[in-house]
Amino acid sequence: MNRFFFILGVLMLWQVAAMAQPRFVSNADIQKVGQVEWKHPVDVKFTITNAGNQPLVLTDVQPDCDCTVARWTETPIAPNERGEINVTFDATLLGTFDKGVTVYTNAEPHVTQLRFTGQVMTEVKDYTRTHPYKFGDVRIDTTEVSFPDVQRGTYPVMRIGVANEGDRPYEPVLMHLPSYMTQVAEPNVLQPYEHGEIVLTLETDLLADYGLTQGTVYLSRFTGDVVGEDNELPLSVVLLPDFSSLSDEVKAQMPNIELSTRELDFASLLEKKAKAKQDIVVTNTGKSPLAILKMQVFNSAIGVDLKKNVLEPGQTTKLRVTVDKNILNRDRRHLRVLLITNDYQHPKVEINIKH
């Protein structure tokens, strides 16, 4: 029986000893240094925390090459306190670097590997102004894909500037691209701190209808990236009728749309009631029938009612616009009405709404 209690006591002491020990925690296993100027040494700091309940001792720190010098906190680090490992890299060789230091401690495990990566360059490139929008290690020069006024049968092009600030090669690509758009990356792969372009071509013949077509595409930030709110780019296309082949004689006989106003202010009306309405007078001052080919709104709080969508020369009609304040409080999208017409001078008419 005494032997049993002796063994039990030894096990309990061993368990207590196992629970009472230091614990090595670094603020990062890998530090991305970024661009480093050639022959300008760079300092990298790792912050070490003792997450255990006994003093932590960094017994030795050994860099993996002679190009790196390490300094560290040599006094014991008390529980919940912090120390440092400072590494200086000489940056005498151009190109990408991936360096490491081996840290020896009295914690379990006794050996830990820390790394830092970057690119030594003759000239440090600053893309913050030319490519102001950052998505991970990628920078681009716009936050939307927009083709504002295009005609069917044309193939307009948009170029998105892309810069790779990571330390690995990057393939520029937009995910979930619609069927009416194609893309080519120039170049196909961006090396660290190189820049290029994503060239988008719109195939207007594949668009379903006149007016605004909206969607969302996503910038791939790395191989295997997934779509999400943090890498989405809104997409918009406005398709207009093509009048480029019309002669001057034909144009002289075309319709002409005139509106009593192109801006409505609902602010005072919505102070008094939850739903308000205003009318716009639409007139055809041209010499042939005016057709409203498409009418769109972009906020669910707006309602529109057009009495007639074809007007003979000299005729007028009313466009009634209604705004619901209750819905307006939930839908924050831009308030406007878009008309697509067969007036070659005004194929797109926008009515802005204030509230």
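The values are calculated or read from the model by the stated rules, or taken from the named source; none is laboratory data. What you are looking at is a predicted structure, and each value in this text was computed from that prediction instead of being measured. Every residue, glycine among them, receives a Cβ derived from its backbone with ideal geometry; neighbour counts consider all protein chains shown.
Annotations for the structure displayed:
- Scope segment 249-294; condition of a type in the set (S, T, Y) and under 18 Å from N342 (Cα atoms); matching residues: T283, T285, S288
- With respect to the stated conditions, Q315 fails to be within 13 Å of V349 (Cβ to Cβ) and touching a strand residue (DSSP E or B) at 6+ places or on another chain (Cβ under 7 Å).
- Evaluation of P289 against (1) surrounded by 15 or more Cβ atoms within 10 Å (Cβ to Cβ); (2) touching a Pro at 6+ places or on another chain (Cβ under 8 Å) (one fails), failing number: (1)
- The set of residues from segment 314-342 being acidic (D, E) and modelled with pLDDT under 90 comprises just one member, D331.
- Residue, nearest to M295 (Cα to Cα), within segment 318-355, restricted to residues that are basic (K, R) and part of a loop (DSSP other than H, G, I, E, B): R333
- If the condition is being small (G, A, S) and either within 16 Å of T322 (Cβ to Cβ) or within 39 Å of the chain's Cα centre (by Cα) (or both), then segment 269-290 contributes A274, A276.
- If only residues of segment 263-317 that are of a type in the set (D, E, K, R) and outside any strand (DSSP E or B) are counted, the one that is nearest to Y210 (Cα to Cα) is K308.
Here is a yes/no grid of residues against (1) not small (G, A, S); (2) not assigned by TED's automatic domain parsing to the domain that holds A185:
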residue	(1), (2)
A91	no, yes
T96	yes, yes
K99	yes, yes
V103	yes, yes
N106	yes, yes
D137	yes, no
V145	yes, no
D149	yes, no
M158	yes, no
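- Of all residue pairs spaced 6 or more apart or on separate chains, none has beta-carbon atoms under 7 Å together with a first member in segment 296-307 that is assigned by TED's automatic domain parsing to the domain that holds L339 and modelled with pLDDT under 90 and a second member that is surrounded by fewer than 15 Cβ atoms within 10 Å (Cβ to Cβ) and assigned to a strand (DSSP E or B).
- All of A267, A208 fail the test of being in the same structural domain as D137 (by TED's automatic domain parsing) and either at pLDDT below 95 or over 25 Å from N352 (Cα atoms) (or both), apart from A208.
- Cross-chain or 6+ apart pairs with Cβ under 6 Å, segment 65-85 first and free of Cβ contacts under 8 Å to residues at least 40 places away in the same chain, then part of a loop (DSSP other than H, G, I, E, B): C67/D90; P76/P55; P76/V57; A78/P55; G83/T73; E84/T73
- Unique residue being at pLDDT 95 or above and loosely packed, with under 14 Cβ neighbours inside 10 Å when the list is T261, T283: T261
- Counting the residues of segment 54-88 that are part of a strand (DSSP E or B) and within 14 Å of L114 (Cα to Cα) gives 15.
- Residue among L174, L212 that is closer than 26 Å to G136 by Cβ and surrounded by 13 or more Cβ atoms within 10 Å (Cβ to Cβ): L174
- Residues in segment 65-89 that are surrounded by fewer than 16 Cβ atoms within 10 Å (Cβ to Cβ) and either within 37 Å of the chain's Cα centre (by Cα) or outside the structural domain of Q31 (by TED's automatic domain parsing) (or both) were compared, and the one that is farthest from Y104 (Cα to Cα) is T88.
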